């Protein structure tokens, strides 16, 4: 049997990390077993589904690299198929038309609640064959009245539901549109889904769906209901915890492989291993290792993992996303070779690509001002003289490379009787406008001779006017 999983989001909002984790587990299970991963858009909620949400889901899946083997399918394009199956169930006596009015149902519900009973449809049209003029009926599935539904859940184990607790599910509304639970069943049957991996908020839907599948002569898939993701405070995940659009993580400078690495560990473990590449996940993932208990979202752990991926990724992997972040800051046309060198000196210093881009802007434009507090702290008349001589030495330096640059600056510090830091900090201030940068020799090497000398001399000339001469 070829494994076939599906991710079936509803486009009533953005794709958030809970949905992405579900998609990841489905994708990994299919990839691990050489099967197929199907993407399906469940857009039968016509009032709340939007084209923007569909686009955002597709863009999020593409950014995450969770490629589908089939789809995306849209339920609104399958209405003819749903009507065909509804007519089949009616013809077989497994479904019926119910002509109850809203007022009748409201009254039934009120009476049941007054008696302390669980509100549920009482099946009053289940065996009737007449109709009610002027009332558009719904179609209900004849759920078995007795017995139990046993769900052998791959995460929760054996879960038993009593049929007597399940009323007759509406499968077609009075306007003729099919309902969510019914469409899911027909889709899973037609698409030959073998494993339904989804959030455990769907567990209560499962007995109804399993009964429907059996009524259609279809063997139910294996179900696996994933535990919730909670905020660090134990509350339901919300925007303040990180339940934002998946694409916001892209905008904030996270790598998709780092986000997936973090999400795979929310509810699943493989020994004590924390860092996973995509290939590692595919080799190791098994749904039977998913925990039953909810997991807490920790943004600090995500940032740490992102930095681990930044440090271990080939520089070529980071060049394009870093270029994109720089473009958002106004840097256009960054040279590929320069980007790769920047990545090598910055990636151990930054947790995100947003941070890396912001801390690398000085590589693309000279400072227009200097941190005055740092100038007062690090620059004196003696330092100005040292930097003026250093600019000339840099201009004459034969090999423009980090080791030679380090040697030159160290020599200037030794001759002046100052520590290396006492010389390097004002040089850094001249080059960057502040005192935070990669090692000064690497910074000079990337900026190049002409740009470095020009920035150094410009700073020296400005500082010489600011600092009074020695008496």
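Structure notes:
The rows are residues; the columns are (1) part of a helix (DSSP H, G or I); (2) under 19 Å from residue 420 (Cβ atoms); (3) under 36 Å from the mean Cα position of the chain (by Cα).
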position	(1), (2), (3)
437	no, yes, yes
442	yes, yes, yes
451	yes, no, no
456	yes, yes, no
459	yes, yes, no
462	yes, no, no
465	yes, no, no
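- Out of 442, 382, 402, one residue alone is surrounded by fewer than 21 Cβ atoms within 10 Å (Cβ to Cβ), farther than 28 Å from residue 339 by Cα and touching a residue at least 24 places away in the same chain (Cβ under 8 Å). It is 382.
- Selection within segment 23-35 - touching a strand residue (DSSP E or B) at 6+ places or on another chain (Cβ under 6 Å) and surrounded by fewer than 20 Cβ atoms within 10 Å (Cβ to Cβ): 35
- Within segment 165-191, the residues that satisfy the criterion of being part of a helix (DSSP H, G or I), in contact (Cβ under 8 Å) with a residue 40 or more places away in the chain and crowded, with 18+ Cβ neighbours inside 10 Å are 182, 183, 184, 186, 187, 188.
- Residues (more than 18 Å from the chain's Cα centre (by Cα), under 23 Å from residue 181 (Cβ atoms) and assigned to a loop (DSSP other than H, G, I, E, B)) located in segment 5-49: 42, 43, 44, 45, 46, 47, 48, 49
- From 393, 402, residue being farther than 14 Å from residue 440 by Cα and at pLDDT 95 or above: 393
- Looking across segment 43-58, the residues that are within 14 Å of residue 245 (Cβ to Cβ), without any contact (Cβ under 8 Å) to a residue 40 or more places away in the chain and surrounded by 12 or more Cβ atoms within 10 Å (Cβ to Cβ) come down to 50, 58.
- Conditions (1) under 27 Å from residue 155 (Cβ atoms); (2) out of contact with any helix residue (DSSP H, G or I) (no Cβ under 7 Å at 6 or more places or on another chain); (3) crowded, with 18+ Cβ neighbours inside 10 Å: number failed by residue 266: (2)
- Selection of segment 192-217 for residues being over 26 Å from the mean Cα position of the chain (by Cα) and in contact (Cβ under 8 Å) with a residue 60 or more places away in the chain yields 192, 208, 210, 211, 212, 215, 216.
- Of the criteria (1) at pLDDT below 95; (2) in contact with a helix residue (DSSP H, G or I) (Cβ under 9 Å, 6 or more places away or on another chain), which one residue 63 fails: (1)
- Restricting attention to segment 142-158 and to residues that are part of a strand (DSSP E or B) and in contact with a helix residue (DSSP H, G or I) (Cβ under 7 Å, 6 or more places away or on another chain), the residue that is surrounded by the most Cβ atoms within 10 Å (Cβ to Cβ) turns out to be 149.
- Extreme residue, modelled with the lowest pLDDT, among residues of segment 243-257 that are more than 8 Å from the chain's Cα centre (by Cα) and not in a helix (DSSP H, G or I): 243
- Residues of segment 59-70 satisfying the condition of being surrounded by 18 or more Cβ atoms within 10 Å (Cβ to Cβ) and within 20 Å of residue 36 (Cβ to Cβ): 61, 64, 66, 68
- Of all residues in segment 313-335, those satisfying the criterion of being buried (at least 17 other Cβ atoms within 10 Å of the Cβ) and assigned to a helix (DSSP H, G or I) are 318, 319, 321, 322, 323, 325, 326.
- Qualifying residue in segment 367-389 (condition: modelled with pLDDT of 95 or more, within 42 Å of the chain's Cα centre (by Cα) and more than 22 Å from residue 350 (Cβ to Cβ)): no
- Residue-level analysis places residue 119 among those that are touching a helix residue (DSSP H, G or I) at 6+ places or on another chain (Cβ under 6 Å), at pLDDT below 95 and under 24 Å from residue 207 (Cα atoms).
The values are calculated or read from the model by the stated rules, or taken from the named source; none is laboratory data. Everything quoted here is computed from the prediction, not taken from an experiment. Neighbour counts are summed over all protein chains in view; Cβ atoms, including those assigned to glycine, are modelled from backbone coordinates with ideal geometry.
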